Amino acid sequence: MKITELQPKLVWECFDLITKVPRPTHHLEKMKEFLVSWANSHNIPVATDEVGNVVMRKEATPGHENAPTIILQGHQDMVAEKNGDKNHDFLNDPITTIVEGDWVKADGTTLGADNGLGCATAMAVLLDDSLVHGPIECLFTVDEEQGLIGANGLQPGFVTGSILLNLDSEEHGQLVIGCAGGKVTICSKNVEFQEAPKDKRYYRVEIKNFKGGHSGMEINLGRGNANQQLARFLNSVWEEFDLTLSKFEGGGLANAIPREAFAIIGVDPSKIEDFKIRAKKFDDMLHAEFILSEGDGFSFEAEEAQIPEKIFKNEDGRNLIRALFSCPNGVQGMSNAVEGLVETSCNLASVKMDGNLVTITDHQRSSLDSRRDEIADRVKSLFEIIGFKAEFDDAYVGWAPNPDSKVLAVAKESFKSLFGKDPKVEALHAGLECGLFLEKMPDLDMISFGPTLKDIHSPNEKAYIPSVLEYWQFLCDILRRLA
């Protein structure tokens, strides 16, 4: 079955169009061009701003012109993650979608339902003349996944609505009224290398196929961080097997829990058999520790490799492994204000090497800016000890909950009427653009909701088909009530 045959048909048809447009974060030229062209082809008023945000407008249903203007908001970009064996160019290739039972997923890549389905829903509202609503503004922001650039760059007057419905949540039946703020710490150093000694045996040690996922929404699920677990192994055997380090790389984007990491190491040739035994024991230990959160689809492998050209000089390699192993990671504290909510977390997101330059990216989140900054300073201090330069990037504010929100009251009534039960009203540990919108438009009334998505920010991302229909019915009913 094709996704264009699913219900609600208009939403899935719009999403199908979006999947054909390459749109990784920071590479949205084609997506902006698509949105403007699509709007023009349907005679929908459209405008863009300096940073690339797009707004489309629809007049109110006759008789509802005096209703408040509603902003439907989603972000244009998607997280570009793929399996290691998948040949996919996110700058040029479309996403291949697969319908599997009640789920839509992609073929070895992220699906982009985060936030393509939100954008598709807004487009469907613009097309569907059977709906009852007040004036509508559909805002498609840029680069939410890294830097929240569109929300940061939003200028006064680009949108004028007094109510904003953020369509970027991932659990149907959940109304989000607050979120964490965040910061990215980037640590870098030009390390020294020396010629790799020929009297070592070299191995590629690698963790593959951890589940990964969203470093905010899924940081509390106990999933393995490939960077830290690989460093854990190397730290535990370094002295015993007289290791040397040639390369260490892992992870991808700051907001994705790293699924894979590898290192090229030299091993004392007289201890190879013992090294293999230790590697096997570590693999067994990982599976015992992570079987419940990861399943058994991941692997830890140690395969013999060719002699590399160079290795880290002096203590640089050893210090890097120590720091990666010691770096704060995962949940750092739970909220005292909201039961069950992660307050503060840290994600050791990526380790990259480019020539002599080693770059480590770490993402901190917290509903308290002071705790976010504390963890960021801790990471900075740790890597500065071993000679890295640390800088902060992509800081963004949280969104403080407003339990007295008028649109929240309308949404709760709508959900109960449609589905016979109360929705969950929650704050999230993930970051949303809403806090930045509120800074620019202090009187804005906002909630966030969406269909059910699983394993976002990973190649396992999937959308639950029945939830998309109910989410669409929910949105349409909210618009009717607000009109």
Over region 197-221, the set of residues buried (at least 17 other Cβ atoms within 10 Å of the Cβ) and of a type in the set (A, V, I, L, M) is V205, I207, M217, I219
Could you tell me which residue of region 450-483 is nearest to V99 (Cα to Cα), considering only residues that are among the aliphatic types (A, V, I, L, M) and surrounded by fewer than 21 Cβ atoms within 10 Å (Cβ to Cβ)? I465
Restricting to helices (runs of 4 or more DSSP H) lying wholly in region 374-483: which have 3 or more residues that are touching a residue at least 60 places away in the same chain (Cβ under 8 Å), closer than 30 Å to I3 by Cβ and of a type in the set (F, W, Y)? 465-482
Determine which member of the set M1, M78, M31, M56 is open to solvent by 10 Å² or more (accessible area, probe 1.4 Å) and of a type in the set (A, V, I, L, M). M1
Regarding region 209-227, can at least one residue be identified that is in contact (Cβ under 8 Å) with a residue 40 or more places away in the chain and assigned to a strand (DSSP E or B)? yes
If you go through region 310-327, how many residues are exposed (fewer than 13 other Cβ atoms within 10 Å of the Cβ) and modelled with pLDDT of 95 or more? 0
Which of the residues spanning region 177-196 are under 17 Å from the mean Cα position of the chain (by Cα) and either more than 27 Å from G387 (Cα to Cα) or crowded, with 24+ Cβ neighbours inside 10 Å (or both)? C179, A180, G181, G182, T185
Quick one: in region 346-364, which of the residues that are in contact (Cβ under 8 Å) with a residue 24 or more places away in the chain, more than 22 Å from G333 (Cβ to Cβ) and of a type outside the set (V, I, T) is surrounded by the most Cβ atoms within 10 Å (Cβ to Cβ)? S350
How many residues does region 258-289 contain that are among the aliphatic types (A, V, I, L, M) and part of a helix (DSSP H, G or I)? 6
Can you tell me which residues in region 430-449 are touching a helix residue (DSSP H, G or I) at 6+ places or on another chain (Cβ under 8 Å), under 30 Å from S350 (Cβ atoms) and either open to solvent by 10 Å² or more (accessible area, probe 1.4 Å) or aromatic (F, W, Y) (or both)? F437
Return the residue satisfying two criteria in turn: it lies in region 128-139 and is under 29 Å from the mean Cα position of the chain (by Cα) and not β-branched (V, I, T), and of such residues it is surrounded by the most Cβ atoms within 10 Å (Cβ to Cβ). C138
Out of all the residues in region 375-429, which are among the β-branched types (V, I, T), within 30 Å of I360 (Cα to Cα) and open to solvent by 20 Å² or more (accessible area, probe 1.4 Å)? I385, I386, V397
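The values are calculated or read from the model by the stated rules, or taken from the named source; none is laboratory data. Computed from a predicted structure; not experimentally measured. With ideal geometry, Cβ positions are generated from the backbone for all residues, glycine too; neighbour counts draw on all protein chains shown. Calculation scope for accessible area: heavy atoms of the full protein, side chains included, ligands and nucleic acids excluded. Shrake-Rupley method; radii C 1.70, N 1.55, O 1.52, S 1.80 Å.
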